[in-house]
Every structure is written in structure tokens, then in C-alpha cells.
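See structure below.
The values are calculated or read from the model by the stated rules, or taken from the named source; none is laboratory data. Nothing here was measured: the structure is a model prediction, and the numbers come from that model. Heads up, the Cβs are rebuilt from the backbone with ideal geometry, glycines too, and the neighbour counts pull from every protein chain shown.
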Amino acid sequence: MKTDEIRTSYLEFFQKKAHRYVSSDSLVPQNDPTLLFTGAGMNQFKDYFLGLKKDMTRATSSQKCLRTGDLEEVGKTAYHHSFFEMLGNFSFGDYFKAEAIAWAWEYLTQVLKIPVSRLRITVHETDDEAYNIWKNTIKIRPDWLYKMGDKSNFWPANAPKDGPNGPCGPCSEIYFDQDPSQGEGGHIEDKRFAEIWNLVFTQYDRQDGGKLVPLAQKNIDTGMGLERLACVLQGKSTNYETDNFQKINAAVARELKIKQTPENATRIYAVSDHARAVVFSIGDGVIPSNDGRGYVIRKLIRRALWHGYEATQGGLEKPFLYAVVDDICAVMGKVYPEIVENKQSIVTSLKGEEERFLVTLERGLDKLHDYISNPPKGVHGKLDAAFAFELYDTYGFPYELTRKIASEKGWDVDEKGFERLMEEQRKRAKDATKISGAIFTVSDLEKKISGLAATRFLGYESLESKARVLFAEVRGGEGVAVLDQTPFYAESGGQVGDWGVLEGRGFRGEVTDTVKKDQLFIHHFKVLSGTLKIGDEVTAKIDAKRRDSIMRNHTATHLLHAALRKLLGTQVRQLGSLVAPDRLRFDYSYSQALSDEQVRAIEDAVNEQILLDADVTKEEKSIELAKADGAIAFFGEKYGDRVRVVTVPDFSKEFCGGTHCHSTGQIGSFYIVSDSSIASGTRRIEAVTGSGAVLYARNLRGEIGKLAELFKTSPSGVADRVVKLQESVKKLEKEKRQGVTATADPKNILSSALAAGKIRFASYRLGQGAEVEDLRRLSDAIRSMSEKTVYFLGTENEEKIHYVIGLSPDLGKSSLDAREAMKALSNLLNGSGGGRKELVQGGAKNEGQFQNRWNDIVENAVRYLKEAEV
């Protein structure tokens with residue numbers, strides 16, 4: 001069976017068993033702070049397992065997953081992946097072990113037709129219930145049924161002893177015999193047996209001291225890797241040989257211009273895996289960056305490029321991963337259309353990241369070679385851990401590559417020190433993300449409000465309503481309340497929550513925020529007078545003026561999104577937003593800064609729609625019909641079977657549950673305050689509307705008025721006065737530079753050159769105030785009158801140093817190379833640059849190199865030239 005056929009057959013099988021099909025969740029977990037990425041099929045059903053949601057008792061899914069715990073093994077072993085699909089069927093307080101085991105057996109043996117003789121079973125050593133079902137009901141031979149301990153057959157592993165506290169339970173795993181020719185013997189832990197399905201029986205609440213208390217609601221959570229199942233059914237020795245992977249492997253080999261040989265297999269497999277992970281992650285809105293999820297994706301891209309670098313034996317000179325995106329979309333886009341819809345932005349983001357890293361990789365190689373060629377004092381034959389970590393952390397240099405190059409040069413690496421620094425970084429990253437150690441982390445408030453009936457939202461039609469208090473808690477003058485119905489919009493989809501008041505008999509509270517937990521609206525309030533308790537009737541009234549401002553900014557956000565896509569291309573997509581009363585913030589995918597003309601064009605497009613005063617319609621319809629009508633989704637939202645579509649005729653059509661104007665004219669006006677880069681391939685627009693735009697314009701007018709007063713001119717004359725002031729400053733700077741460079745006599749510089757073997761070395765440091773152009777002029781002068789000379793010229797300002805290394809014309813055909821000379825000095829300069837054999841130019845952050853190391857630079861240059869064969 002083909003991989004796609006297996007996925008379909010599994011989902012259809014469990015749908016026939018009354019399971020609701022639930023589409024794959026995003027790789028970015030929605031409203032779950034305990035997870036960085038979705039790593040298992042059960043993640044999106046956490047609230048069902050906890051009993052917080054009760055509208056479904058059975059579910060089945062094929063979940064896209066990302067795990068990075070075993071990256072070193074990816075490509076090397078048959079089954080390890082960073083990205084994979086997990087098939088799962090789930091019960092939330094419905095069926096339990098008997099049905100889960102029977103259906104798993106039925107699917108494997110009757111639907112997939114796997115011979116019984118090739119299956120083996122494990123159960124937890126204390127789980128007599130599961131053991132007896134397998135033995136007496138399924139009729140598994142006792143010698144094919146194994147009892148195992150907490151490490152392999154309890155979830156989480158070793159939970160009874162090590163924790164964490166919370167829901168847990170024994171497992172039953174199903175294995176496939178990959179080599180029946182060895183006979184019916186063997187042990188389940190032999191490599192010939194591959195685990196294909198894990199049935200988790202969540203039946204306990206693990207408490208302090210390892211106490212296992214039976215849960216009132218017992219659950220089933222199963223997981224079966226689609227790639228591994230395809231490998232088994234297709235008779236392959238590794239997942240990477242299955243049908244879908246073969247197509248991606250071929251694309252990787254094509255772009256790297258290498259053959260699919262056994263020697264290249266590991267590298268190709270790793271690139272194919274990481275490429276899938278990166279495509280799906282960027283498709284779900286994760287942009288490569290230096291922290292959080294973005295850092296993980298950046299790391300995967302760099303690992304893939306390193307594997308490509310190794311596979312081409314260092315011949316990788318240009319990006320190649322982005323060219324595989326089309327192939328991945330062709331293989332997987334039918335099942336996961338989001339990667340096709342976002343293909344252009346995936347390609348743009350990925351290519352830009354590749355280009356940047358290849359430059360960084362080259363710099364890292366230079367630094368490593370320079371370190372080995374010119375080691376710091378006291379270093380002999382062993383790379384310092386801090387230096388190896390700098391290569392890894394700053395330059396994205398894989399540790400394996402550092403170790404390999406060092407070994408080729410006869411050097412070792414301080415591996416223990418490097419691993420210590422890595423562990424410290426992992427701890428910092430974990431602390432920074434505030435990810436909980438326990439999957440089923442539930443706040444006290446969530447426990448208290450679980451089981452309450454859903455809040456009915458009236459805020460689309462009403463600003464005020466009567467309501468009954470379903471839950472209330474007050475501490476120190478502040479409280480939270482859940483109502484049976486409310487006009488208050490709860491923070492969602494980037495729109496902030498409503499403010500307002502709650503009033504009851506003898507009670508008055510100021511609502512300072514409204515948030516949502518599933519279908520419950522939680523009102524945070526300050527007590528102004530009286531008390532509030534469950535069962536009270538209150539009047540809920542929102543701050544109408546604030547709501548109006550929010551609606552203006554939300555509708556304007558839709559118009560902005562549409563304008564960006566119309567003017568910049570449909571590859572632009574929303575990656576995040578904030579809709580507040582005083583402003584809107586919009587993060588979007590685009591690789592370059594907007595020009596002034598583009599900003600004006602976007603403003604004009606939005607304001608044109610405002611002047612048209614077009615109706616803004618809101619309609620609820622099925623998600624399939626909405627997509628067919630061309631509606632697009634905002635990133636970060638999870639949609640059900642029915643969606644609300646907000647439309648501005650012939651301009652914008654989006655899924656959105658937020659509050660909006662009745663017509664575009666209510667926005668008043670729209671003005672972009674800023675457009676800035678917040679990450680590679682990601683930009684942020686901040687804008688204002690209505691009274692916010694008026695206030696912004698008024699403030700600008702005030703600032704220009706102050707400048708006019710300072711310059712003693714009219715507001716319209718400020719620009720001319722600034723231009724004249726700039727001209728005066730430039731004149732003064734030029735005079736200062738002329739004073740600085742006047743002492744830079746080429747003849748004097750050459751006359752003080754030092755002997756360096758068969759040639760001479762001249763150096764000169766221009767004073768503060770000189771610029772790069774002054775360096776170039778002095779370099780040209782020295783070069784025109786020198787022979788058998790290498791020269792080094794430098795200058796600096798408060799922020800940067802600049803330098804030039806050149807050869808006299810008669811050395812042009814010698815073995816000397818200015819580029820190599822710059823590499824030899826790079827440890828002292830800590831900079832970068834480039835050029836040609838005869839002349840290079842570089843720069844770096846000013847860290848006192850010239851003030852503190854000028855003599856060292858000269859000495860190292862002379863030593864280098866003496867050792868060079870001219």
C-alpha cells in the first residue's frame with residue numbers, strides 16, 4: 001500500500017467505529033504553553049483527556065509532529081525523524097482496553113492483512129487486564145506476549161517512580177517481525193522486531209510519592225507512526241525508502257547534483273527529513289529566528305545545509321533546500337493544502353535563510369582555520385570549548401564539522417567543556433520558554449470551571465445584557481467571573497478583550513480584561529462595591545467607546561492584509577496581529593523593507609475603501625464553502641466545521657470571529673506609523689485609525705512646530721533649514737578629515753616600512769574622523785609608489801573599525817594573497833571583509849582592536865610574511 005492509501009484506510013476504519021475525524025492540528029500548539037511544538041497526536045485533545053471539554057468522546061486523526069530530541073540519529077537509523085505523521089485513535093471516558101486492543105488487531109490483521117505470525121505484543125508487567133485480553137480474547141500465543149517494565153511500557157516512561165504528577169497509565173505495544181526467516185524465537189528487544197503501534201491506557205493520576213490513584217475518567221491514547229507503518233507494509237528496510245520519501249530523496253539528490261549511492265544515503269535522508277520539517281513549520285507560521293520555535297527551525301535548516309555541504313564534499317556554494325519545496329508540496333500538498341497555499345512565502349523565507357547561513361558558514365570556516373593556524377597563547381593541539389561553542393552558537397557551525405576539521409589538522413576538541421556549555425544553553429532556552437515539565441498542566445482556575453456550560457456570546461448584536469453568574473471568585477479586591485451569556489468579547493485572534501462593568505444587587509465591578517478558555521468567557525474585574533457570588537444576576541455592559549476603536553482597527557487590519565496581498569503579491573500572509581483600541585499591529589511575510597512609494601500605495605488602497613463606505617458583511621457558513629468562496633484564514637486561529645466570514649466586497653474576505661465595523665467608512669482614516677523587520681523574512685506594520693490617526697497627526701504637527709520654532713522658520717521651511725544644517729556639518733567634517741589625513745604622507749609611511757623576509761611591510765593608522773574613502777585614497781597613493789611591499793591601513797570611529805590590506809603592483813603575480821593575509825589577522829581584528837588577490841577591505845565592531853592590539857597586528861603580519869614563500 002502507498003503511504004497516502006494507508007493514512008486514508010486508517011482514518012476510514014476508525015470513522016466506521018464511530019470516531020470523529022479531526023484534522024491535524026498546527027505544529028504550533030494552540031493555547032498550550034506547555035509545548036514548543038506539537039509532538040504527538042494526543043496534544044490537541046488535552047482538554048478532552050482532562051475532562052474540560054465534553055462535546056466529543058471518540059476521535060481519530062493523522063497528526064503532523066515535530067520532535068528534535070534525536071537529531072543526531074536522523075538519517076543514520078531506519079526510523080528516526082524530526083518531522084513525522086502520527087496516526088491515532090482516542091477515547092475520552094468512552095471505550096477502554098478491550099475495544100482498543102480488539103480494533104487495533106482487527107485493523108492490522110484484517111484491513112492491512114498483516115500475517116498474525118509476524119506480530120508480537122508487549123504489556124506492562126502489572127497490567128493483567130490487558131494481558132488477559134491479548135491472551136484469552138485475541139488468542140495471542142503466550143510466547144509472543146511479553147511483560148515489560150515502567151521504562152518501556154508505561155506512559156510517561158518511569159512515571160510511577162520519577163513522575164511527573166498527573167494522568168498516566170500502562171501501555172501495550174505492537175511489534176512487527178522484520179525477518180521471519182530467523183524462526184519464531186528471539187526476544188522482543190532484538191532489532192528484528194520493529195514497534196509499530198503504542199496503545200496507552202490512561203487510568204491513573206500519579207500523585208506525590210508515586211501514588212497511583214485511579215482516574216474517574218479512563219482514556220485511550222494510541223499512536224502509530226505513518227512512516228514506520230509504510231516501511232513495514234512496503235517491505236523496506238528504512239522509512240526513507242518508502243514511496244513518498246523516494247520522491248523527496250530524488251529531489252534532494254537532484255539539487256545537490258549527487259547520485260543516490262549508499263555512501264550518500266545518510267546525508268540525503270537527513271536533508272529530506274529536515275526539509276519536510278522546515279516546510280511544514282514555516283507553513284504553520286514559524287519563521288527562522290534566534291529564539292524559541294524560530295531557533296529550532298533555524299537549527300534544522302543549518303543542519304540540512306551542513307549535510308548538503310558534506311555530501312558535496314564542501315562544494316555547496318548556493319542555496320538548494322528552497323528548490324525542494326515544490327517536490328514536497330507535490331508529495332504531501334493534497335493532504336496538507338496549507339503548504340501549497342503558503343508555498344511562495346516558504347520558498348522566500350527558506351532561500352533567504354540559506355543565503356545568510358552560507359555566508360556565516362564561510363566565516364566560521366575562516367575562523368576555525370585561523371584559530372588552528374595561529375592559536376592563542378598557551379593553546380596547543382586542543383580547541384578550547386568556548387571557541388567550539390562560539391562556532392556552533394554564533395556561526396551555526398555543526399560540532400561534528402568542527403571536530404572533523406580539527407581532527408584532520410591533528411587537533412582535539414574539549415568535548416566535555418563543549419557539552420557543559422551546550423547543557424547550560426539548553427537550560428537557558430527551557431527557562432526562557434517557560435515550558436512546563438508536565439504535559440497535563442492545569443491551573444487551579446481551570447479545574448474549578450471545568451464542566452460549566454458554554455458561555456453564550458451576545459457581543460455581535462448587543463453591548464449590554466442580563467446574565468447569571470456560573471462561577472465567581474474574589475481575592476483582595478480583584479476577581480474572576482464566568483457568566484451564562486455575555487456581550488464582552490474575549491481576547492482571541494489578536495483582538496484584545498473587552499472592558500466594562502458588571503452590576504448586580506449591591507455589587508459593582510470594573511471589568512479590566514476578558515479572556516477565553518475553550519467555550520467559557522472569563523471576566524477579570526476589580527470590585528468597586530459589594531460582593532459577587534454564584535447564582536447572582538448581573539447586568540454586563542461593555543465600554544462602547546473602546547469597543548468602537550477596537551472594531552475600527554480590526555476592520556482596518558483586514559483591509560491592510562488585502563492591500564498588502566494585492567500590491568506585493570499573494571505570497572504575503574499574516575503571521576501575527578494585535579488589535580487594540582489605540583493601534584493595530586500586523587506581522588507579515590515579506591523579504592524586504594517597503595519603499596516610501598509602497599507605504600503610500602498601501603495607505604491609499606485602504607483609505608480608498610474607507611471613502612467608499614462599503615458594507616462589511618459577516619456570515620457564518622461551512623468551512624468548505626468559505627474556502628471555495630475564496631476566504632483566507634488568519635494565522636494562529638483554529639477553526640471548526642463552521643466559520644464566520646467577514647467580507648468587504650471585491651476587496652477582502654477572511655475567516656474571523658472578531659468584532660467589526662458595519663461599513664468601512666466608520667474607520668475614519670488609516671495611517672501607517674512604521675514598517676520594520678522583526679525576523680528574517682518577517683516584517684511588522686504598526687498603524688492607527690480614526691481618532692488614533694487624528695491624535696498621531698496632531699502630535700506630528702506639534703513636533704514639527706517645535707522644530708520650526710527652534711530653527712526660527714515656518715513649519716513648511718523646516719526641511720530647507722535641516723538641509724542647510726547638514727551641509728554645514730558635512731563641511732566641518734570634511735575640514736576635520738583633511739586635518740587628520742594631511743599627516744598621512746605615503747612617502748613617510750613607506751620609508752618606515754619593516755623588513756619581512758624578501759619584502760617590506762608598511763602600516764599606518766589614520767586618526768579619528770577619517771572615513772573609508774580616505775583609506776581607499778591613501779591605499780591608491782601607496783600602491784602607486786611602492787615596490788615589494790605589503791601594506792595595512794586602518795581607521796576607526798566610536799562604533800566600527802575599517803582596514804585595507806594591499807600588495808604593491810610588482811607582487812601581483814607572486815604567491816602572496818591579500819585575502820590570505822586578512823585571514824591570518826582575523827583573530828586579532830575579529831572582523832570580516834573581502835576583495836581580490838591584490839587588495840582587500842574589511843571592517844568590524846570597534847572593540848579596541850587598534851588601540852590595544854595594533855602592535856600585535858603588525859608583529860603577526862610581519863611573521864606571516866616572513867613564513868610565506870614569495
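Given the criteria touching a strand residue (DSSP E or B) at 6+ places or on another chain (Cβ under 6 Å), more than 26 Å from ARG585 (Cα to Cα) and at pLDDT below 95, does GLU478 qualify? When the stated conditions are applied, GLU478 passes them. Annotation note: Cβ proximity below 7 Å between a residue of region 214-226 that is over 25 Å from HIS81 (Cα atoms) and a residue that is acidic (Asp, Glu) and surrounded by fewer than 24 Cβ atoms within 10 Å (Cβ to Cβ) (sequence gap 6+ or interchain) occurs for LEU215/ASP205. Given the structure, is ARG546 part of a helix (DSSP H, G or I) and either assigned by TED's automatic domain parsing to the domain that holds ARG583 or not aliphatic (A, V, I, L, M) (or both)? Yes, satisfied.
So for region 331-345 (the condition being under 22 Å from the mean Cα position of the chain (by Cα), surrounded by 14 or more Cβ atoms within 10 Å (Cβ to Cβ), assigned to a loop (DSSP other than H, G, I, E, B) and free of Cβ contacts under 8 Å to residues at least 60 places away in the same chain), does at least one residue qualify? Taking every residue of region 331-345 in turn, at least one turns out to be under 22 Å from the mean Cα position of the chain (by Cα), surrounded by 14 or more Cβ atoms within 10 Å (Cβ to Cβ), assigned to a loop (DSSP other than H, G, I, E, B) and free of Cβ contacts under 8 Å to residues at least 60 places away in the same chain.
For region 53-64, the count of residues that are small (Gly, Ala, Ser) and part of a loop (DSSP other than H, G, I, E, B) is zero. Taking region 1-31 as the range and being surrounded by fewer than 18 Cβ atoms within 10 Å (Cβ to Cβ) and of a type in the set (Asp, Glu) as the test, the residues that pass are ASP4, GLU5, GLU12. Before we move on, is ARG583 surrounded by fewer than 23 Cβ atoms within 10 Å (Cβ to Cβ) and not acidic (Asp, Glu)? Spelling it out, ARG583 is indeed surrounded by fewer than 23 Cβ atoms within 10 Å (Cβ to Cβ) and not acidic (Asp, Glu).
Of the residues in region 607-622, not one is farther than 27 Å from GLY665 by Cβ and without any contact (Cβ under 8 Å) to a residue 12 or more places away in the chain. Listed conditions (1) crowded, with 22+ Cβ neighbours inside 10 Å; (2) within 29 Å of LYS139 (Cβ to Cβ); (3) of a type in the set (Gly, Ala, Ser) are all met by GLY75, apart from (2). Exactly one residue out of ILE258, ILE287 is in contact (Cβ under 8 Å) with a residue 24 or more places away in the chain, farther than 30 Å from SER589 by Cβ, of a type outside the set (Phe, Trp, Tyr) and not in a helix (DSSP H, G or I): that is ILE258. Considered as a group, the residues in region 628-671 that are of a type in the set (Lys, Arg) and more than 13 Å from VAL616 (Cβ to Cβ) include one that is modelled with the highest pLDDT, and that residue is ARG642. Taking every residue in region 408-419 that is loosely packed, with under 13 Cβ neighbours inside 10 Å and pairing it with any residue that is not in a helix (DSSP H, G or I), at least 6 positions away or on another chain, the pairs with Cβ-Cβ distances below 8 Å are GLY410/GLY381; ASP412/GLY381; ASP412/LYS382; ASP412/LEU383. Can you find a residue in region 437-452 that is modelled with pLDDT of 85 or more, in a loop (DSSP other than H, G, I, E, B) and aliphatic (A, V, I, L, M)? Checking region 437-452: at least one residue is modelled with pLDDT of 85 or more, in a loop (DSSP other than H, G, I, E, B) and aliphatic (A, V, I, L, M). The residue that is modelled with the lowest pLDDT, among those in region 65-78 that are on the phi < 0 side of the Ramachandran plot and part of a loop (DSSP other than H, G, I, E, B), is ASP70. Scanning region 23-45 finds no residues that are over 30 Å from PRO288 (Cα atoms), in the same structural domain as GLY166 (by TED's automatic domain parsing) and in contact (Cβ under 8 Å) with a residue 40 or more places away in the chain.
Before we move on, is ILE328 touching a Phe, Trp or Tyr at 6+ places or on another chain (Cβ under 7 Å), part of a helix (DSSP H, G or I), among the aliphatic types (A, V, I, L, M) and under 30 Å from GLU624 (Cβ atoms)? Spelling it out, it is not the case that ILE328 is touching a Phe, Trp or Tyr at 6+ places or on another chain (Cβ under 7 Å), part of a helix (DSSP H, G or I), among the aliphatic types (A, V, I, L, M) and under 30 Å from GLU624 (Cβ atoms). Please specify each residue of region 261-316 satisfying the condition of being acidic (Asp, Glu), farther than 30 Å from SER677 by Cα and buried (at least 18 other Cβ atoms within 10 Å of the Cβ). GLU310, the sole residue that qualifies. Surrounded by 22 or more Cβ atoms within 10 Å (Cβ to Cβ), over 21 Å from SER752 (Cα atoms) and out of contact with any Phe, Trp or Tyr (no Cβ under 9 Å at 6 or more places or on another chain) - does that describe any residue in region 838-855? Scanning region 838-855 turns up no residue that is surrounded by 22 or more Cβ atoms within 10 Å (Cβ to Cβ), over 21 Å from SER752 (Cα atoms) and out of contact with any Phe, Trp or Tyr (no Cβ under 9 Å at 6 or more places or on another chain).
Of all residues in region 1-44, exactly one satisfies the criterion of being assigned to a helix (DSSP H, G or I), over 26 Å from GLU99 (Cβ atoms) and either touching a Cys at 6+ places or on another chain (Cβ under 6 Å) or of a type in the set (S, T, N, Q) (or both), namely THR3.
Could you list all residues from region 170-206 that are within 18 Å of ALA157 (Cβ to Cβ) and surrounded by fewer than 17 Cβ atoms within 10 Å (Cβ to Cβ)? Residue satisfying the conditions is GLU189 alone.
On the given criteria, is THR531 more than 30 Å from ILE685 (Cα to Cα) and modelled with pLDDT under 95? Judged against the criteria, THR531 is a match. What do you reckon, is ARG760 at pLDDT 75 or above, of a type in the set (D, E, K, R) and either within 30 Å of GLU867 (Cα to Cα) or in a helix (DSSP H, G or I) (or both)? Judged against the criteria, ARG760 is a match. Considering only region 139-169, state which residues are surrounded by fewer than 19 Cβ atoms within 10 Å (Cβ to Cβ) and of a type in the set (A, V, I, L, M). Correct list: LEU145, ALA157.
When region 54-65 is examined, which residues are found to be in contact (Cβ under 8 Å) with a residue 24 or more places away in the chain and surrounded by fewer than 18 Cβ atoms within 10 Å (Cβ to Cβ)? Passing the criteria: LYS54, MET56, THR57. In summary, helices (runs of 4 or more DSSP H) completely within region 781-870 and bearing 3 or more residues that are among the charged types (D, E, K, R), in the same structural domain as SER751 (by TED's automatic domain parsing) and free of Cβ contacts under 8 Å to residues at least 40 places away in the same chain occur at 849-867. Hey, any hits in region 469-490 for a residue that's part of a loop (DSSP other than H, G, I, E, B), without any contact (Cβ under 8 Å) to a residue 40 or more places away in the chain, out of contact with any helix residue (DSSP H, G or I) (no Cβ under 7 Å at 6 or more places or on another chain) and over 25 Å from GLY658 (Cα atoms)? Yes - at least one qualifying residue is present in region 469-490. When restricted to residues that are under 29 Å from the mean Cα position of the chain (by Cα) and assigned to a loop (DSSP other than H, G, I, E, B), region 565-620 contains 15.
So that you can scan it fast, the table gives a plain yes or no per residue for (1) at pLDDT 90 or above; (2) out of contact with any Cys (no Cβ under 9 Å at 6 or more places or on another chain):
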| site | (1), (2) |
| --- | --- |
| ASN165 | no, yes |
| PRO170 | yes, yes |
| ASP190 | no, yes |
| ASP205 | no, no |
| GLY209 | no, yes |
| ASP221 | yes, yes |
| LEU226 | yes, yes |
| ALA230 | yes, yes |
| LYS236 | yes, yes |
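The one condition from (1) at pLDDT 90 or above; (2) surrounded by 15 or more Cβ atoms within 10 Å (Cβ to Cβ); (3) closer than 22 Å to GLN574 by Cβ that SER674 does not meet is (2).
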